[in-house]
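Written below as structure tokens is the structure these notes are about.
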Amino acid sequence: VQLQASGGGLVQPGGSLKVSCAASESIFRVNVMGWYRQAPGKQREWVATIGRDSYTNYADSVKGRFTISRDNAVNTVYLQMNSLKPEDTAVYYCMMYDRGINYWGQGTLVTVSS
């Protein structure tokens, strides 16, 4: 399975951005999909996950500002990011957990700066 992340870019503080992750295979039966991020000089951290039943969970740092969603028809997971802060600057990676295996995308860079 290949995961292709896209949609990153430069955005001003307080702005919004939506990143996408397209899977090369069907995600209809995939139990968990999610987003992680890695800021410069820091470890990768969990951001949000969404289950097959669309149950969502968020890190405290993004709760109320980010929304994860999935569209099984086009095998894509999204992360809508609002009220962005400079500390949200990171490479965002999508993840898929399926039948005991973690799959990772290549990452997309999000830079929040004025």
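A convex hull fitted around the alpha carbon atoms of the chain yields 91 Å³ per residue. Accessible surface computed residue by residue for the chain, with neighbouring protein chains in place and a 1.4 Å probe, gives 54 Å² per residue. For the chain, a Gaussian network of Cα nodes joined below 10 Å ranks Val19, Val30, Val47 by mean-square fluctuation, and the top entry is Val30.
Backbone phi angles across region 15-25, fed through the Karplus curve with coefficients 6.51, -1.76 and 1.60 (θ = phi - 60°), yield HN-Hα couplings of x, 10, 7, 10, 9, 10, 9, 9, 9, 7, 10 Hz in residue order; Gly and Pro are listed as x.
Each Cα pair under 8 Å and six or more residues apart adds its separation to the average, and for the chain the resulting relative contact order is 38 percent. Going through region 1-80, which trypsin sites (Lys or Arg not before Pro) have at most 16 other Cβ atoms within 10 Å and a DSSP loop state? Passing both the DSSP loop test and the Cβ count: Arg29, Lys42, Arg44, Arg52, Lys63, Arg65.
The fraction of accessible area contributed by carbon and sulfur in the chain is 46 percent, rounded to a whole number (1.4 Å probe; ligands and nucleic acids excluded). Using alpha carbons only, the radius of gyration of region 13-77 set against its Kirkwood radius gives Rg/Rh = 0.99.
Within the shell of other residues whose beta carbon sits under 14 angstrom from the beta carbon of Gln38, the net charge comes to 0, with Lys and Arg scored +1 and Asp and Glu -1. Taking 0.36 nm per residue of sequence separation and removing the Cα-Cα distance, the Ser83/Thr56 pair yields an extension gain of 7.8 nm. A viscosity of 1.567 mPa s and a temperature of 4 °C, combined with the Kirkwood radius over C-alpha pairs in the Stokes-Einstein formula, give region 4-44 a diffusion coefficient of 101 µm²/s.
The values are calculated or read from the model by the stated rules, or taken from the named source; none is laboratory data. It should be emphasised that the depicted structure is a prediction, and the values quoted were computed from it without experimental measurement. Every residue, glycine as well, gets a Cβ built from its backbone with ideal geometry; the counts of neighbours run over all protein chains shown. Just so you know, the surface numbers come from the protein's heavy atoms only, side chains and all, with ligands and any DNA or RNA stripped out. Shrake-Rupley method; radii C 1.70, N 1.55, O 1.52, S 1.80 Å.
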